[in-house]
Amino acid sequence: MKNSLTLRRPDDWHLHLRDQQMLASVAPHSARLGRAIIMPNLVPPVVTGAQAAAYRARIATALPPDATLRPLMTLYLTEATDPADVVAAHRDGIIAAVKLYPAGATTNSDSGVRDFHRVRGVLEAMAEAGIPLCVHGEVTDPAVDIFDREAVFIDRVLDPVRRATPGLRVVMEHITTRDGVDYVRQGGDDIGGTITTHHLVINRNHILAGGIRPHYYCLPVAKRETHRLALVEAATSGEARFFAGTDSAPHPDHAKECACGCAGCFTAPNWLQITAQLFDDAGALSRLEGFVSRNGAAFYGLAPNEDRIRLVRRDAPARWPARIAAGDETVTVFDPGFPIHWHIDEYAA
């Protein structure tokens, strides 16, 4: 049994840091990453290069002095997005990607896209400039069952958009279904897929069986166990098209534990330890570095981080706070529901 593992410093290719007090509270929990793709769904959303630069500056202020995190900013795609601003922001190193939210699909997505024909000019400019599009892959048609919205999105939206825009690089974020896994696998070199830690752990029974558990509620919602197993197989397969994007999404407990609770799991404090345990259980520890440290960087055209992190397997389970303080509020940390024996031992230059 392998009891220690040295990896290149991990990256997170889908991270919510929020803003203001919440930003100050959660940013330190991601400070020792190498890089992270930062989501733009603030209120108001980050829609211009100038706004992305300002948000990056606020993140830098919230990080501790010894932070290694390099935030990679994104723009929130709207039907009024200026293609020239997107291209200029990418050229100037302000943004790494653009985020597509179908309007109404998830938290703070009301400003997202309703008519995909109205963003065709932006997508064509992005394809020409090599700017990746990060996609929240769900339709919002109320006639479509919530558990089918990812598969329907592939057929109705994502595949037509990609066919109409040759060369567009796409990250299908937080895939939750076998359909998503299969589509990424068959999609060619210009598509990748992120997989969250919580979707590797939970299925829909965790949310609904024996009582509603709001801290497991997320969007896209967790699916059947067959889909979870497909995600585990993809993540541990060693295929370069799959990489870690936690979608760590902090919400105050009062906004989760209410009659209409927010969607999101806060995994920033423990995602790497949980992921190591899952890879260990699957007999795939040798592929962990690819998933958390190499594959995403390669898709975004970046070199892997040079410095290292050491993980150690111990008999005593890893510990983390059940919740963190965010001003006068608390945020519950994701609980995998089983012991995690992998610990972050040290970071090394």
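Where a number appears in this text, it was derived from the coordinates with a stated rule and is not lab data. On a predicted model such as this, the values are computed, not experimentally measured, just so you know. Glycine gets a Cβ as well: all are built from the backbone with ideal geometry, and neighbour counts include every protein chain shown.
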(request) Choose one of 106, 67, 88: the residue whose Cα lies farthest towards the positive end of the charge dipole of segment 41-120 (beta-carbon charges +1 Lys, Arg; -1 Asp, Glu; about the Cα centre). (result) 67
(message) Need the list of lysines near residue 223 for cross-linking: C-alpha distance under 29 angstrom, and skip anything on the same chain fewer than eight residues off.
(response) 99, 256
(message) To make sure I understand the rule: partners must be aspartates and glutamates, Cα under 13 Å from the Cα of residue 2, and not fewer than 8 residues away in the same chain. Which ones qualify?
(response) 280, 281, 315
(request) With a/c under 1.5 counting as rounded, go ahead and sort the chain into rounded, prolate or oblate using the C-alpha gyration tensor (a ≥ b ≥ c being the square roots of the eigenvalues; past the cut-off, prolate if a/b is larger than b/c, else oblate). (result) rounded
(request) Could you rank the peptides 14-24, 335-345 by their average count of other C-beta atoms within 10 Å per residue, with the highest value first? (result) 14-24, 335-345
(request) Figure the gain on full extension for residue 58 and residue 303 (residue separation times 0.36 nm, minus the Cα-Cα span) and round it to one decimal in nm. (result) 85.6 nm
(request) Could you rank the peptides 192-199, 158-165, 271-278, 213-220 by their average count of other C-beta atoms within 10 Å per residue, with the highest value first? (result) 192-199, 271-278, 213-220, 158-165
